[in-house]
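Reading through the structure tokens given below for one structure.
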Amino acid sequence: MIWDLHCHLSGVSGRTPDERMASLVKFADRMRIERLCVYMGLKLSNDPDPQDMRKQNDEVLQALSHWHDRAFGFVYLNPNHVEASLKELDRCVRDGPMVGVKLWVACRCDDVRVDKLVARAAELQAVVYQHTWYKTPLLGAAPETSRRLDGGNVAGESSPQDLAALAKRHPKASLICGHSGGNWELGIRTVAGLPNLCLDLAGSDPTQGFTEMAVREVGAERVIYGSDVPGRSFASQLAKVQGANVPEAAKKQILKENLRRLLTPILQRKGVKP
């Protein structure tokens, strides 16, 4: 069986969170995916205000309400609103069913405002997933204002280097390098020496050598399968692992065991069998 680290409601067919979750599970069943981790609401917002942040988390909570045996939720936080984010963390993780934190592109994760959120997540034994990317700017482009994929990182978008700095400040936190930095050859090398950082395989083309390099450089125990569905398909992202030239034991770790191990402390704390 497979556990998928990285799923979204946005872009899935359905009018409500319940309908979209049912649609995700239907396709997951075809691919023998046992558990899904779900982030963010029906409409993505890269810098949500506190009201929108709460709304998106409410939509995930509703999506989970009938699928606790199949799905986990990660609370979406915005470090530009620290106090509101801390309240959401307590509401959704401490007092609710969610098991992790999702950080996106509102604020680079080397910003000191992120420290309070990561420290609180570590206290709650919640896993922190940070989107990262290395984007090469065009000559003359302005990365601080560009919203084009080829114009460099958008304002507030973290790189693996930013995440590495955060991981060094919080060695007891469980952190995940989203997308392995997009440019995975650089991203993998950037975080290789940080044992509290795992690599997410989600969201890029199923390029030959990606999984092999990750296993070689950081060890199979720090590599996790994710799809980034519906932005990518379950099948194309599973192909990165199932078609990789790595031992079968490593594939089993990547497809399920590593994520289950990371989530076991908080699941046990909540009385949930991993």
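It is to be established whether one or more residues within segment 71-80 are closer than 24 Å to GLU19 by Cβ and among the hydroxyl-bearing types (Ser, Thr, Tyr).
Within segment 71-80 (the criterion being closer than 24 Å to GLU19 by Cβ and among the hydroxyl-bearing types (Ser, Thr, Tyr)), the answer is yes, since at least one residue qualifies.
Failed condition for HIS68, given (1) modelled with pLDDT under 95; (2) touching a Ser or Thr at 6+ places or on another chain (Cβ under 6 Å), with all others met?
(2)
In segment 144-177, which residues are among the β-branched types (Val, Ile, Thr), part of a loop (DSSP other than H, G, I, E, B) and at pLDDT 85 or above?
Matches in segment 144-177: VAL154 only.
Can you work out which of the residues in segment 65-80 that are in contact (Cβ under 8 Å) with a residue 24 or more places away in the chain and surrounded by fewer than 20 Cβ atoms within 10 Å (Cβ to Cβ) is nearest to ASP29 (Cα to Cα)?
Ranking the qualifying residues of segment 65-80, first place goes to ARG70.
Please go through (1) of a type outside the set (D, E, K, R); (2) over 18 Å from GLU34 (Cα atoms); (3) buried (at least 16 other Cβ atoms within 10 Å of the Cβ) for PHE234 and return the number of the only condition it doesn't satisfy.
(2)
Check off (1) assigned to a helix (DSSP H, G or I); (2) in contact with a strand residue (DSSP E or B) (Cβ under 6 Å, 6 or more places away or on another chain) for GLN237 and give me the number that stays unchecked.
(2)
Give just the number: which of (1) in a helix (DSSP H, G or I); (2) surrounded by fewer than 18 Cβ atoms within 10 Å (Cβ to Cβ) does ALA214 not satisfy?
Exception for ALA214: condition (2).
Residues are listed down the side, and each one gets a yes or a no for (1) part of a helix (DSSP H, G or I); (2) crowded, with 19+ Cβ neighbours inside 10 Å; (3) modelled with pLDDT of 95 or more:
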site: VAL241; (1), (2), (3): yes, yes, yes
site: VAL246; (1), (2), (3): no, no, yes
site: ALA250; (1), (2), (3): yes, yes, yes
site: LEU255; (1), (2), (3): yes, yes, yes
site: ASN258; (1), (2), (3): yes, yes, yes
site: GLN268; (1), (2), (3): yes, no, yes
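List every residue pair whose Cβ atoms lie under 7 Å apart, where the two residues are 6 or more positions apart in sequence or sit on different chains, the first residue falls within segment 118-130 and is at positive phi, and the second residue, located anywhere, is aliphatic (A, V, I, L, M).
That search, which allows pairs on different chains as well, returns GLN125/ILE266.
The values are calculated or read from the model by the stated rules, or taken from the named source; none is laboratory data. As the structure is a computational prediction, the values presented were derived from the model and not from experiment. FYI the Cβ positions are ideal-geometry reconstructions off the backbone, even for glycines, and counts take in every protein chain you see.
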